[in-house]
Amino acid sequence: MSTYHVPVMASQALDLLRVRGGGIYVDATLGGGGHSRAIMNKCPDITLYGFDRDPQAIEAADLALADGWDSISKKVASGERPYVLINDNFNSMRTRLALQRVKLIDGIIFDLGVSSHQIDEPTRGFSFENDAPLDMRMDTRQAYNAWNVVNELPERQLELIFRQYGEEFHSRRIARAIVKQRSKTPVNSTLQLAAIIANNVSGNPKEITKSKARIFQSIRIHLNQELDALQTALRDAINILRPGGRIVVLSYHGLEDRMVKNEFRNASGICLCPPESPQCICTNRPKVKILTPRPLIADEDEIRHNARARSAKLRAAEKTQGES
Ligand SMILES: C[S@@+](CC[C@H](N)C(=O)[O-])C[C@H]1O[C@@H](n2cnc3c(N)ncnc32)[C@H](O)[C@@H]1O
């Protein structure tokens, strides 16, 4: 496996996805193609559509899948590569699949957040440990980046971003310090931003590191509109699943996991009437059956080999028979 990214909880994800020959599957977050490759290895006789908004990920996944395909193509009659890679946000999945004449799919996997490559590549500016220009764009074709967020947004908006997407206790103080600093000279680099955070939070080094992680995460989520895209994509994915088809989602922080949990719960047909309503009048009908009442987590052995697996939470659901 390439060092671009080691796929997390691949065997649990694959078991829950229940890949079946002849089916159409979607990898909404290709990254280095690790999960896609595992899906194709399990069942070469499928068609796979892979999405990533990062052009570098599309290149890496293409290499990984082509290489994987060369070793498994003998197992199937057709020699054609059965995958299509689409460099776009997963929130446009429905339209992009329709353009490929795909209306229904048999399974979909989301492995959210950033890849190891994106974090480790200093020029991308995602890490508070490497010195780099403030960037953090997942889609490098986008113009607006983390520099614009940090240097141009009003103090109050910065504070809200830190609070809402980072759940950071010192949000106000950090926002104020950023604005004070940039009134003298712009905040240009990741390490400059990390130093401002460190100088404005109290606590031991571990706590300071956590604050840096929360602030960087919040800027990334805001800049890339991650939660809005996720909500749209989860709803679309559930709608285009065939009856019996499955959705598997790996998330890496509480905001994502809560959104997945709530979207699955709503789609499972719970009553959405206001609590004061004397009887149920909502028309919410079950679209999915939840397969993971509690999220699955990685085992100790995987966490020992891949630290990224530590925060992973895996949830899955199956489309009900009456819906398509
Ligand atoms: C954790 S990595 C996926 C790793 C992949 N499962 C593997 O095994 O190599 C997440 C990927 O999702 C992509 N991504 C995140 N949000 C996205 C979105 N809204 N639309 C498309 N791709 C997205 C990121 O660019 C990143 O490459």
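Remarks
- Normalised contact order of segment 140-223, rounded percent, pairs of Cα under 8 Å and 6 or more residues apart: 39
- Shown for LEU272, LEU99, LEU227: other C-beta atoms within 10 Å of each C-beta, ranked fewest to most, produce the order LEU99, LEU272, LEU227.
- Between segment 1-60 and segment 112-144, the Cα center-to-center distance that results, in Å: 22
- Our analysis of segment 121-162 gives Rg over Rh at 1.00, with the two radii drawn from alpha carbon positions and Rh computed by the Kirkwood formula.
- Less than 5 angstrom separates the built amide H of GLY245 from those of LYS319, all sequence-distant by 5 or more or on a different chain.
- Estimated [θ] at 222 nm from DSSP helical runs (n ≥ 4, -39500 (n - 2.57)) normalised by residues in the chain, nearest 500: -13000 deg cm²/dmol
- The Stokes-Einstein estimate for segment 139-201, based on a Kirkwood radius over Cα pairs and taken at 20 °C with 1.002 mPa s viscosity, is a diffusion coefficient of 179 µm²/s.
- Cα pair distances exceeding 24 angstrom across segment 1-91, given as percent: 11
- Here the relative contact order of the chain, from alpha carbon pairs under 8 Å that lie six or more residues apart, stands at 18 percent.
- Taking HIS253, HIS222, HIS35 and counting other C-beta atoms within 10 Å, the order from fewest to most: HIS253, HIS222, HIS35
- Average Cα contact separation per residue, segment 92-235, under 8 Å, 6 or more apart, as relative contact order %: 25
- DSSP H segments from the chain that extend 18 Å or more along their own axis, Cα-based, with Kyte-Doolittle mean of 0.0 or above: 55-72, 226-240
Quick note: the coordinates plus some simple rules give every number you see, no bench work behind them. Everything numeric in this text was worked out from a predicted model, so none of it was measured. With ideal geometry, Cβ positions are generated from the backbone for all residues, glycine too; neighbour counts draw on all protein chains shown.
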